[in-house]
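J.: After the structure tokens below, expect a handful of questions from me.
The values are calculated or read from the model by the stated rules, or taken from the named source; none is laboratory data. Keep in mind that this is a model prediction, so the values were computed, not measured. Don't worry about glycine lacking a Cβ; one is built from the backbone with ideal geometry, like all the others, and counts go over all protein chains shown. These area figures cover heavy atoms from the full protein model, side chains too; ligands, DNA and RNA do not enter into them. Shrake-Rupley method; radii C 1.70, N 1.55, O 1.52, S 1.80 Å.
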Amino acid sequence: LLAEWLLVWLRRNGLHDVTDEQALRCLGGGVEMSVLQSALTDRQVKLLNLGADWLGFLMPHVLKKISRVHFGLLQPHEMQAMQAGGVLPRSRRFLAVPFVGKDAPSPSSEYAHPDVAIGLTILAYRYEGLRKPDFGMTLQHLKFAMDSELGAEARRPASLVWISWIEAAGKRVRGTKYQRAAAAESDAQVQAIVRGDETP
């Protein structure tokens, strides 16, 4: 099942020169057939091999770990305590770190394998959520992105992301009622054209 989900993502990212059966076989054990290697680009072979590594080795290893027992994010008070005792590397601020016990982060260890660090970091943010400093930095990044984009403010990609976040929280952004109505009307027109009720 996971291989099939990964195949959907690979298809969306340019894997088109192999059949589903061939791709799933590669995801099960890597790209070993010379016929496939010659038909695929270097990037596609790397994606298939990385996918096979994730499905076969990395994901089972990452999923065995328990949040806040084996790994986790440093909380603000833990970061302050570590900073007072010495230097706190930037990587330990944002990536998952190993724990030596329940709610006891290792004082200086980090994960050596980058893919394991990425997988555990994704799980840590999923389980623990964004910390307040992370959310502030995310908003700051979104604001910088919006300032660098062109067009009407309400239609800039960063603004649309912000609006979608607010609406997902069950609220609404002032001044977007007309925009939502216009989008709904446009969607209705597209559906009518697809059904054949209208001509463009």
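J.: Taking the Cα centre of the chain as origin and charging only Cβ (+1 Lys, Arg; -1 Asp, Glu), how large is the dipole, in debye to the nearest 20?
T.: Using Cβ point charges on Lys, Arg, Asp and Glu, the chain gives about 840 debye.
J.: Mind checking the per residue accessible area of the chain for me, 1.4 Å probe, whole number of Å²?
T.: Averaged over the residues of the chain, the accessible area is 68 Å².
J.: Only helices at least 18 Å long along their axis, Cα-based, and averaging -0.5 or more on Kyte-Doolittle count here, so list those DSSP H runs from the chain.
T.: 114-128, 132-148, 177-195
J.: Which net charge results for the neighbourhood of LYS132, defined as the other residues with beta-carbon distances under 15 angstrom from its beta-carbon, given Lys and Arg at +1 and Asp and Glu at -1?
T.: Value of the local net charge: -1.
J.: Largest first and to the nearest Å, give the Cα extent of region 1-101 along each principal axis.
T.: Each principal axis gives a Cα extent; for region 1-101 these are 57, 24, 22 Å.
J.: What does the accessible area of THR138 come to, in Å² to the nearest 10, when a probe of 1.4 Å is used?
T.: Rounded to the nearest 10, that gives 50 Å².
J.: Another question, then. Within region 37-80, what residues put their amide N at less than 13 Å from the label point 7 Å along the Cα-to-Cβ vector of ASP17?
T.: Flagged as within label range: 37-48.
J.: In debye, nearest 20: dipole of region 23-102 around its Cα centre with unit charges on the Cβ of K, R (+) and D, E (-)?
T.: Using only the charged Cβ atoms, the result is roughly 320 debye.
J.: Carbon and sulfur together cover what percent of the accessible area of the chain at a 1.4 Å probe radius?
T.: Using a 1.4 Å probe with all protein chains present, the chain comes out at 59 percent carbon and sulfur.
J.: Okay, next question. Taking 0.36 nm per intervening residue step and subtracting the Cα-Cα distance, what contour gain separates LEU139 from VAL161 on full extension?
T.: 6.8 nm
J.: To continue, here is another question. Let me know the Rg and Dmax you get for the chain when you use only its Cα atoms, in Å.
T.: According to the Cα coordinates of the chain, Rg and Dmax are 22.9, 71 Å.
J.: Also, quick follow-up: Rounded to the nearest 500 deg cm²/dmol, what is the calculated helix-only ellipticity per residue at 222 nm for the chain, with -39500 (n - 2.57) per DSSP H run of length n ≥ 4?
T.: Computed mean residue ellipticity for the chain: -18500 deg cm²/dmol.
J.: Let me ask another. What nm distance separates the two modelled labels at ALA81 and GLU4, each placed 7 Å from Cα along Cα→Cβ?
T.: About 4.6 nm separates the two model spin labels.
J.: Say we join alpha carbon atoms closer than 10 Å with springs in a Gaussian network model of the chain; which of ASP20, ASP134, ASP53 then has the biggest fluctuation?
T.: Maximum fluctuation in the GNM of the chain, among the listed residues, is at ASP20.
J.: For the chain, what number of Lys pairs, 8 or more residues apart or on separate chains, have alpha-carbon atoms under 29 Å from each other?
T.: 11
J.: Also, quick follow-up: Which residue, ARG25, ARG92, ARG174, has the most motion in a Gaussian network model of the chain that connects Cα atoms within less than 10 Å?
T.: Of ARG25, ARG92, ARG174, the most mobile in the Gaussian network model is ARG174.
J.: Looking at the chain as a GNM with Cα springs under 10 Å, which of GLY86, GLY170, GLY72 has the largest mean-square fluctuation?
T.: Evaluated over the chain, the most mobile residue of the options is GLY170.
J.: Separate question: Report the relative contact order of the chain, percent, no decimals, based on alpha-carbon pairs under 8 angstrom and at least 6 residues apart.
T.: 12 percent
J.: Go through SER67, SER164, SER38 and list them by solvent-accessible area, largest first, probe radius 1.4 Å.
T.: From most accessible down to least: SER38, SER164, SER67.
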